[in-house]
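> Pasting in a structure now, in structure tokens, and then I'll have a few things to ask.
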């Protein structure tokens, strides 16, 4: 991928970096002011996940969240205002290493990504790296436009973590 295209497909805010690494790979990084244990809990406990995952600016809340966070377990999240009008995302966990790593499938579409999230403990902070690998370039092209909400999601996660640390 040439430098011009690489620059066009990368964006960041002050704390979150979203970068297209190849025609099929996207990597998001951010430091959180909380230990990896708390960040991992926010990703794996439905009652916490529901408090930060859906960007408030979208106006579409996370309606439900079911998670069986273990290797071979599954998840299902639904966005919408009621049960009749939801958009669902679902898949299974391929790898779960507490406080360190999650790998899951996204099975709602044949063009969905394989997602890996790592939680690297840096003392009182955590470096979170989210890596998505898409089946083809077109799938990533379509998905990357939706990644602009990721900094807002991560801001909401940061706010939640501050309350959990207190």
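The values are calculated or read from the model by the stated rules, or taken from the named source; none is laboratory data. Please read all numbers here as calculations on a predicted model, not as lab measurements. With ideal geometry, Cβ positions are generated from the backbone for all residues, glycine too; neighbour counts draw on all protein chains shown.
> Out of the residues in region 36-59 meeting the condition of being touching a strand residue (DSSP E or B) at 6+ places or on another chain (Cβ under 6 Å) and not in a helix (DSSP H, G or I), tell me which one is surrounded by the most Cβ atoms within 10 Å (Cβ to Cβ).
54
> Hey, any hits in region 136-150 for a residue that's modelled with pLDDT of 95 or more and closer than 24 Å to residue 36 by Cα?
No; the residues of region 136-150 include none that is modelled with pLDDT of 95 or more and closer than 24 Å to residue 36 by Cα.
> While we're on this one: Pull up region 77-90, narrow it to residues that are over 25 Å from residue 155 (Cβ atoms) and either touching a residue at least 12 places away in the same chain (Cβ under 8 Å) or touching a strand residue (DSSP E or B) at 6+ places or on another chain (Cβ under 6 Å) (or both), then point me to the one that is surrounded by the most Cβ atoms within 10 Å (Cβ to Cβ).
The selected residue is 90.
> In region 113-123, what count of residues is obtained for those that are part of a loop (DSSP other than H, G, I, E, B) and either over 13 Å from the mean Cα position of the chain (by Cα) or at pLDDT below 90 (or both)?
Here the count works out to 1.
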